[in-house]
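To start, the structure under review is shown below, and the notes come after it.
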Amino acid sequence: MAAPTGAASCEDFAEFQELLRVMRTIDDRIVHELNTTIPTASFVGKIDASQTCKELYQSLMDAHTSRERIIKNCIAQTSSVVKTLREEREKAQDDVALLKQLRKEQTKVFNERCRIHYKPPKSQ
């Protein structure tokens with residue numbers, strides 16, 4: 001079970017969340033994988049359990065590394081956008097459009113996570 005290797009989209013939180021869910025498949029199915037790959041007593045001589053366990057362990061580590069890389073990449077991307085917008089705001093404190101864009105970036109995750117449960121009032 002290899003982890004997906006496609007580039008993560010950090011723009012759409014729901015898409016990012018779905019990618020992480022797919023990448024967790026190996027973790028969520030670990031008991032099933034162990035039950036189907038590690039031999040019972042009657043098949044001990046036919047399957048190399050040491051090699052199978054080593055490969056399963058490597059798959060788990062690869063999946064964990066991929067998830068960590070994607071998460072850190074999205075954190076860095078979002079932080080970079082917010083930092084750039086803050087710097088621009090410092091240069092042009094009266095720029096209303098820039099301030100709105102900064103607020104939008106800073107609340108992106110809130111909106112994605114809470115959109116089903118709560119809709120803030122629209123500002124005038």
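The values are calculated or read from the model by the stated rules, or taken from the named source; none is laboratory data. Everything quoted here is computed from the prediction, not taken from an experiment. All Cβ positions, glycine included, derive from the backbone under ideal geometry; neighbour counts span all protein chains shown. These accessible areas exclude ligands, DNA and RNA; they are computed on the full protein's heavy atoms, side chains included. Shrake-Rupley method; radii C 1.70, N 1.55, O 1.52, S 1.80 Å.
Whole-Hz Karplus values for region 49-54 come out as 4, 4, 5, 4, 5, 4 Hz, taken residue by residue from phi with 6.51 cos²θ - 1.76 cosθ + 1.60 and θ = phi - 60°; glycine and proline positions read x. Note on residue 24 and residue 94: the extension gain reaches 20.7 nm, defined as 0.36 nm multiplied by sequence separation minus the Cα-Cα distance. Placing unit charges on the Cβ atoms of the charged side chains and taking the dipole of region 26-116 about its Cα centre, the candidate lying farthest along the positive direction among 78, 32, 50 is 78. Annotation: extensible slack from residue 82 through residue 101 equals 5.9 nm (criterion: 0.36 nm per residue apart, minus Cα-Cα distance).
Relative to the dominant Cα principal axis of the chain, helix 96-106 is inclined by about 20°.
May I ask you to derive the FRET efficiency for residue 12 and residue 38 from their Cβ-Cβ distance with R0 = 35 Å, giving the value to the nearest 0.05? Show your work: numbers first, answer last.
Working: r = 39 Å, r/R0 = 1.11.
Result of the calculation: an efficiency of 0.35.
With the cut-off at 1.5 for a/c, could you classify region 24-98 from its C-alpha gyration tensor as rounded, prolate or oblate? Since a/c reaches 1.5 and a/b is larger than b/c, the shape of region 24-98 is classed as prolate. Helical runs (DSSP H, four residues minimum) scored at -39500 (n - 2.57) apiece and divided by the length of the chain put the mean residue ellipticity at 222 nm at -22000 deg cm²/dmol. Angle of helix 13-23 to the longest C-alpha principal axis of the chain, folded into 0 to 90 degrees and rounded to 10: 10°.
Need the list of lysines near residue 46 for cross-linking: C-alpha distance under 22 angstrom, and skip anything on the same chain fewer than eight residues off. Partners within reach: 54. Working note: Karplus 6.51/-1.76/1.60 with θ = phi - 60° gives region 56-61 the couplings 5, 4, 5, 4, 4, 5 Hz, where Gly and Pro are set to x.
Rolling a 1.4 angstrom probe over the protein heavy atoms with all chains in place gives region 29-120 an accessible area of 78 Å² per residue.
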